[in-house]
Amino acid sequence: MKYTRVAALAAIGVAATLSLTACGNDDGSGNDSSSSKSSSSASAPSSSSDGASTSDGTSKPQAGNAKSGSGKGTEAGAAGGTAKSGGKATFCKTEDLAIDATDAAPDKTSGRINVTMVNRGSTTCSATGFAGVDIKDADNTSNPIGRGPAQPRITTLKPGDAAVFDLAYTIDNSGHSLSNPTNLQVTPPNETHTVTLNWPAGAGKIKGAYTDVEVYPTHTTK
């Protein structure tokens, strides 16, 4: 009887040991799987929306970021424009220009005076821009004329070439105009010397004040 009880207790102990071993193996398997996943996650390279990932987990800039903030293209364009402007002709001198004014009104209400400047010098010159113009009245007062809404055009004159600029105003047909112009005082673009011309014969009276007259930029006659 003692032998049978001892044998039974031994068998129970073996079974318990086997059961514990099996449980231990199940827990170990779960830990190994979790550890493997964690290790895999840690070793994977990190990504960034700002750039591509490298093998050490850092991010490098994309090619597009390297282009931002570059102004070399704009600077090169500006430099090119400056270089081209260096080859322009010098401005025409007043003493080298034959200047005359004529009435060129297209109708009975639109007043227009054409001022022609002929290059009588021996070299090519530029008459680009707005001429300075004052209208002298019979009472010996002078009134500067404002610029019309137009952009200057390149006006280069070879010897013998002509440039024209216009004065525009509204003609007063009422017979009650207060203006009585006698002369035009003209200063060519980028010059300081002035010539005095007679107010064109037959030109209509100016409606309003002299400040209502506008001068437009020069252009070639070709």
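Dividing the convex hull volume of the alpha carbon atoms of region 171-214 by its residue count gives 85 Å³ per residue.
Seen from residue 112, the other residues with C-beta closer than 13 Å to its C-beta sum to a net charge of -3, counting Lys and Arg as +1 and Asp and Glu as -1. A Cα-only calculation for region 94-220 places Rg and Dmax at 14.4, 48 Å. Residues of region 156-185 with an amide N closer than 16 Å to a point placed 7 Å from the Cα of residue 123 along the Cα-to-Cβ direction: 156-160. Here is the size of region 88-167 from its Cα atoms: Rg then Dmax, 14.1, 42 Å.
Every number here is computed from the coordinates shown, using simple stated rules; none is lab data. Only a predicted model underlies this, so the values are computations on that prediction, with no experimental measurement involved. So basically every Cβ, Gly included, is an ideal-geometry build from the backbone, and we count neighbours across all protein chains shown.
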